[in-house]
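Worksheet for the structure shown next.
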Amino acid sequence: MKKEFIILVVLAGIVLMLIPFTKKAVAPEPLPAAAESEISVRFSEEGKTLGVSLTPIELVEDSRCPLNAVCIQAGTVRVRTRIISALGESAYVLSLGSPIETSTETVELLSVRPSPIAGVAISDTDYEFSFSVAKKHGMEF
């Protein structure tokens, strides 16, 4: 019994000596927040943010419900937009609320002004498009 007690004490001593050398659990560093910015531009006007250039070049669709009307559907806006970034130059058709993703950023058409009014035409020069650009984690701009 005495021998077992001595072995137990020796083992406990060894365990106590090893405690300072055990690795402490370290939480991983959080990823940095992705850079995000909003920009508003008119037709054929170039806007730049976060190393991305956006130019609306063609109104493909404006089926939004006029302010002075009652509609079954809200409708949408689709605009062909030239996007120049570190990946090069491309043209995308962006729809309200439907982001597009490249390998380095996400671009979304957030809003379009002015709102339509039944019986009143909107000139291309009156349109203003608001976009969101978000760089993906680890991407430089």
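The values are calculated or read from the model by the stated rules, or taken from the named source; none is laboratory data. For clarity, every value in this text was computed on a predicted model and none was experimentally measured. Methodologically, a virtual Cβ is constructed for each residue, glycine included, from the backbone with ideal geometry; neighbour enumeration extends over all protein chains shown.
What to note about this one:
- Filtered by the rule that a residue be at pLDDT 60 or above, part of a loop (DSSP other than H, G, I, E, B) and over 15 Å from the mean Cα position of the chain (by Cα), segment 17-51 gives 43, 44, 45, 46.
- In segment 100-121, residue surrounded by the fewest Cβ atoms within 10 Å (Cβ to Cβ) [restricted to those that are out of contact with any strand residue (DSSP E or B) (no Cβ under 9 Å at 6 or more places or on another chain) and among the hydrophobic types (A, V, I, L, M, F, W, C)]: 121
- Which numbered condition residue 140 misses (of (1) modelled with pLDDT of 95 or more; (2) outside any strand (DSSP E or B)): (1)
- Under the condition of being more than 21 Å from residue 44 (Cβ to Cβ) and either small (Gly, Ala, Ser) or loosely packed, with under 15 Cβ neighbours inside 10 Å (or both), the residues counted in segment 122-141 number 6.
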